[in-house]
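The values are calculated or read from the model by the stated rules, or taken from the named source; none is laboratory data. Bear in mind the structure is a predicted one, so any value in this text is a computation, not a measurement. For neighbour counting, all protein chains shown are included, and Cβ atoms are generated from backbone atoms with ideal geometry for every residue, glycine included.
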Amino acid sequence: MNKAVIGLQWGDEGKGKIVDYLSEEFDLVVRYQGGNNAGHTVIVDNITYKLNLIPSGVIRGKVCYLGQGVVLDPKHFTKEYDQITKKINNPKVYLSSNISLILDYHKQLDKINESILNSEKKIGTTSKGIGPAYQDKVGRKSIKLYDLKSKKIIEEKISSIKKFYDPILERFNEDKINIEKTVQDLIGFYKLVKELIIDNSLIKKEFRGKKILFEGAQGALLDLDHGSYPFVTSSNTVSSNIVIGSALQVDYETVGIFKAYTTRVGNGPFPSELHNDIGNYIAEKGVEIGTVTKRKRRCGWLDLVSLKYSCQINRVNELCMTKADVLNNLSEIKVCKSYNSKEYEDVNFSESSILESLSLKDTDFEIFSSWGEIKDLSKFDRLPDNLKKYISYIEDYLNIPIKIISLGPERSQTIIR
Ligand code: IMP
């Protein structure tokens with residue numbers, strides 16, 4: 001069966017490592033949304049790979065495919081592909097011809113959008129131009145990969161885009177769009193990726209019979225429609241976007257991935273956030289620094305209320321828990337089980353103002369005793385009893401089994417049940 005790996009929190013759950021781990025059994029690894037706002041660091045055989053766009057399956061020699069729901073920055077892709085070709089022999093990467101491009105003016109607009117918001121309303125985007133690129137897609141202005149075949153089409157499109165955006169760029173003292181340079185850059189880029197582009201009409205045939213692993217980017221709570229709007233990303237991160245974003249009409253099972261605690265980078269509500277030494281300890285021990293923006297991630301206890309919501313909107317079949325080892329030496333570990341004693345059905349997660357009014361004092365906790373150092377990772381039964389209690393409480397609460405437990409960045413630090 002095909003599988004999807006979906007982040008159930010606010011991103012950074014460790015999808016890269018798990019996709020790399022699982023990819024062995026699959027032929028094809030697919031990204032279907034987002035852009036280089038995502039980021040994984042995967043360590044294999046002491047070599048560190050930093051990937052933002054290309055699925056980590058590429059490291060295992062798997063065929064990787066970026067579907068039409070992805071937004072692609074040519075400058076970024078060029079660098080990432082170059083890095084991969086230096087470390088991996090003959091990487092196999094396909095790009096849907098229907099992908100929308102991120103150009104320089106999208107990054108300028110991302111900056112402008114943030115600059116006009118009051119400080120408490122700023123989204124804290126990754127500044128990669130993601131929102132403005134999706135805005136152009138919805139506004140039917142995108143330059144698509146398939147446009148790059150024709151200089152005339154690029155010129156025509158970029159000329160009308162210039163008419164639309166130059167007044168805004170000028171008003172905010174940003175450089176105006178340079179048609180000649182943009183066209184030249186795009187033609188140069190086309191030469192580089194021409195062989196990687198696959199026409200959408202050929203996708204079904206090319207990938208027929210392949211066993212597919214879908215790699216979600218960001219997390220379900222950052223979903224444009226299901227997340228805490230406006231503190232969300234600009235794509236649908238939930239599993240139901242897979243068929244649209246990949247143009248592959250196939251069935252799949254969903255592995256929901258979550259950290260044993262919660263982190264969030266960027267602004268927006270976070271009821272179980274810890275503004276204290278424990279939060280700082282988790283951030284330091286867990287090296288909670290954004291891969292893309294290098295910003296410190298906000299840290300808090302595991303929030304089962306939002307996790308249950310995420311499992312529901314993603315129709316999760318099985319779970320993977322990462323980074324419980326970060327909590328090893330805390331004297332007690334808490335999980336948030338309700339907000340003001342309310343059942344999860346009562347919380348509206350897509351309206352951020354509701355969640356914003358909640359903080360640690362409004363969350364109800366279950367408390368667990370320390371499990372100390374984890375000495376034996378060889379099998380589940382050998383894990384410390386208190387960690388097993390933690391795991392079984394989460395499984396009971398969510399009514400979904402935790403089948404994968406990741407306790408470190410290396411492949412070998414993974415337990416499958
Ligand atoms: P954007 O996706 O750059 O527009 O950023 C919108 C929000 O999503 C911000 O809060 C970002 O910090 C957050 N975000 C985007 N991509 C990721 C990710 O891969 N991990 C964690 N947060 C992300």
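Data table
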{"quantity": "Options Ser23, Ser56; residue that is under 30 Å from Thr125 (Cβ atoms) and either assigned by TED's automatic domain parsing to the domain that holds Leu186 or more than 16 Å from the ligand (Cβ to nearest atom) (or both)", "calculated": "Ser23"}
{"quantity": "Test for Gly67: is it buried (at least 19 other Cβ atoms within 10 Å of the Cβ), within 14 Å of the ligand (Cβ to nearest atom) and closer than 30 Å to Tyr309 by Cα", "calculated": "no"}
{"quantity": "Exclusive hit being modelled with pLDDT of 95 or more and in a helix (DSSP H, G or I), set Gly256, Gly279", "calculated": "Gly279"}
{"quantity": "Scope the range 26-42; condition within 16 Å of the ligand (Cβ to nearest atom) and either under 19 Å from Thr291 (Cβ atoms) or surrounded by fewer than 24 Cβ atoms within 10 Å (Cβ to Cβ) (or both); matching residues", "calculated": "Arg31, Gln33, Gly34, Gly35, Asn36, Asn37, Ala38, Gly39, His40, Thr41, Val42"}
{"quantity": "Test result for Gly139, surrounded by 15 or more Cβ atoms within 10 Å (Cβ to Cβ), in the same structural domain as Gln184 (by TED's automatic domain parsing) and on the phi < 0 side of the Ramachandran plot", "calculated": "no"}
{"quantity": "Residues of the range 110-154 classified as more than 12 Å from the ligand (Cβ to nearest atom), assigned to a loop (DSSP other than H, G, I, E, B) and touching a Lys or Arg at 6+ places or on another chain (Cβ under 7 Å), total", "calculated": "1"}
{"quantity": "Candidates Cys299, Cys336, Cys320 - the one that is within 16 Å of the ligand (Cβ to nearest atom), in contact with a Ser or Thr (Cβ under 8 Å, 6 or more places away or on another chain) and under 30 Å from Asp376 (Cβ atoms)", "calculated": "Cys299"}
{"quantity": "Long-range neighbours under 7 Å by Cβ, at least six apart or interchain, first residue polar (S, T, N, Q) within the range 259-280, second more than 16 Å from the ligand (Cβ to nearest atom) and at pLDDT 95 or above", "calculated": "Thr262/Ser272; Thr262/Trp301; Thr262/Leu302; Ser272/Trp301; Ser272/Cys336"}
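Each row is one residue, and each column tells you yes or no for (1) away from the ligand (no atom under 16 Å from the Cβ); (2) crowded, with 17+ Cβ neighbours inside 10 Å; (3) modelled with pLDDT of 95 or more; (4) in a loop (DSSP other than H, G, I, E, B).
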{"site": "Glu180", "(1), (2), (3), (4)": "yes, no, yes, no"}
{"site": "Tyr190", "(1), (2), (3), (4)": "yes, yes, yes, no"}
{"site": "Lys194", "(1), (2), (3), (4)": "yes, no, yes, no"}
{"site": "Lys205", "(1), (2), (3), (4)": "yes, no, no, no"}
{"site": "Arg208", "(1), (2), (3), (4)": "yes, no, no, yes"}
{"site": "Leu221", "(1), (2), (3), (4)": "no, yes, yes, no"}
{"site": "Ser235", "(1), (2), (3), (4)": "no, yes, yes, yes"}
{"site": "Asn241", "(1), (2), (3), (4)": "no, yes, yes, no"}
{"site": "Asp251", "(1), (2), (3), (4)": "yes, no, yes, yes"}
